[in-house]
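Below: one structure, written as structure tokens.
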Amino acid sequence: MDFDFTDDQESLRDAVRRWVDKDYGFEHRRGIVKAGGFSRGAWDGLVGLGLTALAVPEEHGGMGFGAIDAMVVMEELGRGLVMEPYAQAGLMAPAVLRHAPADVQAEWLPKIAGGEALIVLAHQERGARYRLDKAGTRAEAGRLTGSKSLVPCGDQADAFIVPAETGSGLALYLVERSGAGVSSRGYSLQDGSRAAEVSFADAPATLLVGPGQGLAVLEQAIDVGIAALCAEGVGAMEKLLAITVEYMNTRKQFGVAIATFQALRHRIADVKMQLELARSMSYFASLKLGEEPAARRRALAQAKLQLCQSARYVGQQCTQLHGGIGVTDEYISSHYFKRLTAMEMQFGDSLHQLAEVSARMQDQAGVFA
């Protein structure tokens, strides 16, 4: 299979990489972390690159690009440890809104494309343990009551996409943060990014997807997020590996660079192998986003499981190869390790994805029994 990228995709990669190098350097990022983990200026930079229009259909002012283009962008954002919730607002939100009524699409998709609205998915709840079909938030007569946890930039977003139980199944609603009955409490996560606890008290909401399709559309949006996270992880691991190799070529012991030690070179070879495993599964995940739901869900669970395993191995090995400096806040590699560690918990950890893969394989075996 040909995995070469097109000239347009390479141009897109170069544009994002130049922006990251120029406007999102390590010291600039540390300043954003100290300020709370979100920068409106950095978000405007992503808007200026046209990235918020990437996944929005052309009829709503977007570019209508596909999953591979999104993968290219996420790899570069991963290399730069960009904390702004691009995958949530630029990829997952349009994936849901495409299923909304025509008037809702016409109102909100152009705002996403132009950077006028930052909309994030608010789906996690305490005690749900990554289960998408379990929601304590209730919807009645177009109003929501409940709470959501770990909402990306939840105290900065303009609106939320909220799964809620209707009594007839799970439905998806759009709730504006400025609406009555909506409150949010922001905080910083381990990797420096920003999240919030969001509560709804009889808050007015707009129906996006009814209970007949709510869970299926939510699963599709989560799969888009997993594919984006896999690509971001590949970019982060690739950059961390480069930083580690550079350090080993300059750090000397017994008068020679430690990069010449055979045992350490073998460890770097193992790190590269884990990186390539994650890369191949990232490609697999993005290519499978257009498959029918059962095959797509299995493929994305497999990709996320590989990301969890590779991220942990690469992060731990590269940190150990640095020695004590690898865990200091002043040194860049520690921030990559934190981000890779946090990735394992997003959209389901290793055990959850292993259970997902097992369940999908059993379902498939039942079909062919």
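Numbers for the structure displayed
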{"quantity": "Whole-number percent relative contact order across the chain, with pairs defined as alpha carbons under 8 Å at least 6 apart", "calculated": "15"}
{"quantity": "With every protein chain in place, the range 136-220: carbon and sulfur % of accessible area (1.4 Å)", "calculated": "46"}
{"quantity": "Met345-Gln253 pseudo-label distance in nm [points 7 Å out on the Cα-to-Cβ vector]", "calculated": "3.2"}
{"quantity": "Calculated P(r) of the range 35-133 - Cα pairs past 18 Å, %", "calculated": "48"}
{"quantity": "Cβ-defined net charge surrounding Ser193, 9 Å radius [Lys, Arg +1; Asp, Glu -1]", "calculated": "0"}
{"quantity": "Theoretical ellipticity at 222 nm over the chain - DSSP helices of four or more residues, -39500 (n - 2.57) apiece, nearest 500", "calculated": "-17000 deg cm²/dmol"}
{"quantity": "Computed E for Glu59/Thr6 - FRET, C-beta separation, R0 25 angstrom, nearest 0.05", "calculated": "0.60"}
{"quantity": "Cα coordinate range in the range 142-277, projected on the principal axes (Å, largest first)", "calculated": "70, 30, 18"}
{"quantity": "Accessible surface of the range 295-369 [probe 1.4 Å, protein heavy atoms]: carbon and sulfur percent", "calculated": "59"}
{"quantity": "Cα gyration tensor, the range 224-369 - rounded (a/c under 1.5), prolate or oblate", "calculated": "prolate"}
{"quantity": "Highest average packing first - 120-133, 88-101, Cβ atoms within 10 Å", "calculated": "88-101, 120-133"}
{"quantity": "Sum of side-chain charges, Arg30 neighbourhood, beta-carbon under 13 Å (Lys, Arg +1; Asp, Glu -1)", "calculated": "-1"}
{"quantity": "Among Gly50, Val20, Met63 the positive-end extreme of the charge dipole of the range 7-97 (Cβ point charges)", "calculated": "Val20"}
{"quantity": "P(r), alpha carbons of the chain - 20 Å bins starting at zero, rounded %", "calculated": "29, 58, 13, 1"}
{"quantity": "Heavy-atom surface of the range 76-198, accessible at 1.4 Å and reported per residue (Å²)", "calculated": "37"}
{"quantity": "Val327-Gln262 FRET efficiency (beta carbon distance; Förster radius 25 Å; 0.05 resolution)", "calculated": "0.50"}
{"quantity": "FRET efficiency for Lys34 and Glu292, using Cβ-Cβ distance with R0 set to 51 Å, rounded to 0.05", "calculated": "0.65"}
{"quantity": "Percent carbon-and-sulfur accessible area, the range 53-134, ignoring ligands, DNA and RNA, probe 1.4 Å", "calculated": "48"}
{"quantity": "Listed pairs Lys252/Lys304; Lys134/Lys338; Lys34/Lys239; Lys22/Lys148; Lys22/Lys111 exceeding 32 Å between Cα atoms", "calculated": "Lys252/Lys304; Lys22/Lys148"}
{"quantity": "Contact order relative to length of the range 190-329, as percent, for alpha carbon pairs under 8 angstrom and 6 or more apart", "calculated": "29"}
{"quantity": "Normalised contact order of the range 155-232, rounded percent, pairs of Cα under 8 Å and 6 or more residues apart", "calculated": "31"}
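The values are calculated or read from the model by the stated rules, or taken from the named source; none is laboratory data. Because the structure is predicted, anything quoted here is derived from the model rather than measured. For neighbour counting, all protein chains shown are included, and Cβ atoms are generated from backbone atoms with ideal geometry for every residue, glycine included. In case anyone asks, the SASA skips ligands and DNA or RNA and just uses the protein heavy atoms, side chains included. Shrake-Rupley method; radii C 1.70, N 1.55, O 1.52, S 1.80 Å.
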